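**Student:** For reference, the structure I am asking about is given below.
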Amino acid sequence: MARLPIYQRIVLTWIRRGINRIDSPTLGRLAGVAPATVRRDLSYLGPLGTRGAGYDVDVLAKQIEEVLGHDRIYDVIVIGLGNLGRALVNSENFLISGARLVGLYDASSAVIGTSINDLTVSDVNGELAPATIAVLCVPASEAQVVTDKVVASGIHAILNFAPQVVSVPIGTAVRYVDVSIELQILAYHLTNGTGPLGGGVIHTLGISRPVPPLSA
């Protein structure tokens, strides 16, 4: 599951460039994994073409989208509209396909009542809008309290940007995003000369290496 969005980004880049097919060696090189890993991963998506002929990028993009659930609708709320929360809400790459922002919340009286992207920021101490996913951009000291409120409101998928591990009941999923941890991991690899220094998913998450030109 962690690799599928990477494949999706690469395939969408191919589509935008007007390239119709991509093979597993090319997809693996750009994603930082072996071609065999690509073939194994994509085999779970069902029949995708003839061996040796590569993958049709339109078909592959559609299959990945279905597996990731991008053909469904997800209502998203963001709690905490400081610098990070505002940056996320204003980013074109924040929401996945099928996701829609339905609520913004903060505890600061200076922020409550302001408008961001045509949505008015509400008081987090009030009732939360019905949603599928909650994104937390709150201080670590408030993370557990806000998490409890989110779960009590019936939301069972949380993306937590707060540098704090939270406790949730069975049936609730939490994903953590912590830039400081990623920096620590990169610093470790720099010190020890291991991991993504030789290329790999961490190095190519944003498809940072240039896409090779089309051959004649």
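We did not get these values from a lab; they are worked out from the coordinates using the rules stated. Quantities reported herein were computed from a predicted structural model and do not represent experimental measurements. Reconstructed Cβ throughout: ideal geometry from the backbone, glycine too, with neighbour counts over all protein chains shown.
**Student:** Sticking with the crude label model, points 7 Å out along Cα→Cβ, report the distance from Asn90 to Val67 in nm, one decimal please.
**Tutor:** Placing both labels 7 Å along Cα→Cβ, they lie 3.6 nm apart.
**Student:** Taking 0.36 nm per residue of separation and subtracting the Cα-Cα distance, what length does fully extending Met1 through Val168 add?
**Tutor:** Additional length available on full extension: 57.9 nm.
**Student:** List the residues whose amide H sits under 5 Å from the amide H of Thr114, counting only those 5 or more places along or on another chain, with H placed 1.01 Å from N in the peptide plane.
**Tutor:** Correct list: Val121.
**Student:** While we're on this one: Compare the Cα positions of Pro35, Val59, Gly46 along the charge dipole of segment 4-70 (+1 at Cβ of Lys, Arg; -1 at Cβ of Asp, Glu; about the Cα centre) and return the one farthest towards the positive end.
**Tutor:** Pro35
**Student:** Another question about this same structure. Please report the antiparallel percentage of DSSP beta bridges with both residues in segment 2-108, rounded to the nearest 5.
**Tutor:** 25 percent
**Student:** In addition: Could you sort 109-118, 9-18 so that the peptide with the highest average Cβ count within 10 Å comes first and the rest follow in order?
**Tutor:** Ranked by mean Cβ neighbours within 10 Å, highest first: 9-18, 109-118.
**Student:** Then there is this: Could you go through segment 168-174 in sequence order and give the Karplus-derived ³J(HN,Hα) for each residue, using 6.51 cos²θ - 1.76 cosθ + 1.60 with θ = phi - 60°, rounded to whole Hz, and x for Gly and Pro?
**Tutor:** Once θ is set to phi - 60°, the couplings for segment 168-174 become 9, x, 4, x, 10, 9, 10 Hz.
**Student:** Separate question: Kindly give Rg over Rh for segment 84-192, based on alpha-carbon atoms, with the Kirkwood expression for the hydrodynamic radius.
**Tutor:** With Rh from the inverse mean 1/r over Cα pairs, Rg/Rh is 1.00.
**Student:** Checking the a/c ratio against 1.5 first, then a/b against b/c, what shape does the Cα gyration tensor give for segment 75-143?
**Tutor:** Taking the square roots of the gyration eigenvalues as a ≥ b ≥ c, segment 75-143 is rounded.
**Student:** Something else: With r as the distance between the Cβ atoms of Ile185 and Asp148 and R0 = 41 Å, compute the FRET efficiency 1/(1 + (r/R0)^6) and round to 0.05.
**Tutor:** 0.85
**Student:** Using the Cα centre of segment 74-179 as the reference point, and only Cβ charges (+1 on K/R, -1 on D/E), how large is the resulting charge dipole? Debye, rounded to the nearest 20.
**Tutor:** Approximately 160 debye in magnitude.
**Student:** Could I have the simple spin-label model distance between Tyr44 and Asp118, label points 7 Å from Cα toward Cβ, reported in nm to one decimal?
**Tutor:** 3.7 nm
**Student:** Which order, highest average first, do 23-31, 36-44 follow once you tally other Cβ atoms within 10 Å for each residue and take the mean per peptide?
**Tutor:** In descending order of packing, they fall as 23-31, 36-44.
**Student:** Also, I was wondering about something else. Work out the FRET efficiency for Asp75 and Ala53 from their Cβ-Cβ distance, taking R0 = 30 Å, and round it to the nearest 0.05.
**Tutor:** 0.15
**Student:** If N is the number of residues in segment 4-70, what value comes out of its Cα radius of gyration divided by 2.2 N^0.38 Å?
**Tutor:** Normalised Cα radius of gyration, segment 4-70: 0.98.
**Student:** Could you give me the ³J(HN,Hα) list for segment 123-131, computed from phi with Karplus coefficients 6.51, -1.76, 1.60 and θ = phi - 60°, whole Hz, x at Gly and Pro?
**Tutor:** 6, 5, 7, x, 7, 8, 5, x, 8
**Student:** Next question. Go through segment 26-37 residue by residue and turn each phi into a ³J(HN,Hα) via Karplus (6.51, -1.76, 1.60, θ = phi - 60°); whole Hz please, and just put x for glycine and proline.
**Tutor:** 5, 4, x, 4, 6, 8, x, 10, 6, x, 5, 5
**Student:** Rounded to the nearest 0.05, what FRET efficiency do Ala140 and Thr13 give with R0 = 41 Å and r taken as the Cβ-Cβ distance? Could you check?
**Tutor:** 0.70
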